[in-house]
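The values are calculated or read from the model by the stated rules, or taken from the named source; none is laboratory data. Everything numeric here is computed off the predicted structure, so don't read it as measured data. Here the Cβ is made from the backbone with ideal geometry for all residues, glycine too, and neighbour counts use every protein chain on show.
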């Protein structure tokens, strides 16, 4: 109620409001989407008022103006199916963002970037050069005002320093229904285990491998008739679907991270 009154006093019109309460940790979450109506006060005045009210009530807030599309950098290696999905959806107007940069540790996918007119930079990674190369990647992302990084089947483990530079701003698509089959070749291990469902998990990257806050998960049914190649094929489909849901939620500011969990409000 206090939030609605504050926004109204600044000439704002509330368009959507959603809430969630986690009784286990005693937290209450609210997402309010609003537009300026009569514009009685400036954005700076609104932000100052939010600081005052939230400070008085012991609340935390994050304000996103939506005045420009978020800027996305895609990290890839040699797998191209997730990259194609992002670029084609973006071209179709289904992702509200700008894509100024694609980063890779291999040259293989440069022709795709060229076809879409997107800058493509290669940073060769070895055990000895990894940290220095990551520093260059971080610097380039900052130079280009990148807001979010997507690891689109980028086959490198990100350092603590890289994850810290993009806290809750780096989404990884893991080709497994976490926490099962962490690490490499999960489809092969799923096949060996005889699973009946395979899945994919989109999560924020953290220093702990494949253990960051989960944004979205999806599954695909498989059977004893499916070969490893069948699992790989079906897995590519579920990876694309899962990442798109997570990426769109992030771009639309529908995610709240708390602890190692997320609240993802409906679109």
List pairs: first residue in segment 104-131 and farther than 14 Å from residue 83 by Cβ, second residue exposed (fewer than 12 other Cβ atoms within 10 Å of the Cβ) anywhere in the structure, Cβ distance under 9 angstrom, at least six positions apart or on different chains. 122/107
Scan segment 139-158 for residues that are surrounded by fewer than 18 Cβ atoms within 10 Å (Cβ to Cβ) and either outside the structural domain of residue 244 (by TED's automatic domain parsing) or in a helix (DSSP H, G or I) (or both) and report the count. 4
Consider segment 76-86. How many of its residues are more than 18 Å from residue 141 (Cβ to Cβ) and in contact with a strand residue (DSSP E or B) (Cβ under 9 Å, 6 or more places away or on another chain)? 2
Looking only at segment 213-267, count how many residues are in a helix (DSSP H, G or I), in contact with a helix residue (DSSP H, G or I) (Cβ under 8 Å, 6 or more places away or on another chain) and farther than 30 Å from residue 27 by Cβ. 7
When (1) surrounded by 11 or more Cβ atoms within 10 Å (Cβ to Cβ); (2) modelled with pLDDT of 90 or more; (3) not in a loop (DSSP other than H, G, I, E, B) are applied to residue 15, the one that fails is (1)
Identify, please: which residue in segment 112-135 is in contact with a strand residue (DSSP E or B) (Cβ under 9 Å, 6 or more places away or on another chain) and assigned to a helix (DSSP H, G or I) and is, among those, surrounded by the most Cβ atoms within 10 Å (Cβ to Cβ)? 113
Residue 239 being closer than 20 Å to residue 89 by Cα and surrounded by fewer than 19 Cβ atoms within 10 Å (Cβ to Cβ): no
Would you check if there is a residue in segment 172-188 being assigned to a helix (DSSP H, G or I) and buried (at least 22 other Cβ atoms within 10 Å of the Cβ)? yes
Checking residue 161 against (1) outside any strand (DSSP E or B); (2) crowded, with 16+ Cβ neighbours inside 10 Å; (3) touching a helix residue (DSSP H, G or I) at 6+ places or on another chain (Cβ under 8 Å), only one condition comes out false. Which one? (2)
Pairs with Cβ under 8 Å, 6+ apart, first in segment 164-175 and under 20 Å from residue 198 (Cβ atoms) and assigned by TED's automatic domain parsing to the domain that holds residue 210, second part of a helix (DSSP H, G or I) and at pLDDT below 95: 174/186; 175/186; 175/187; 175/235
Restricting to segment 213-233, what's the tally of residues that are modelled with pLDDT under 95 and more than 12 Å from residue 176 (Cα to Cα)? 11
Could you please give the count of residues in segment 1-53 that are closer than 24 Å to residue 250 by Cα and touching a helix residue (DSSP H, G or I) at 6+ places or on another chain (Cβ under 9 Å)? 12
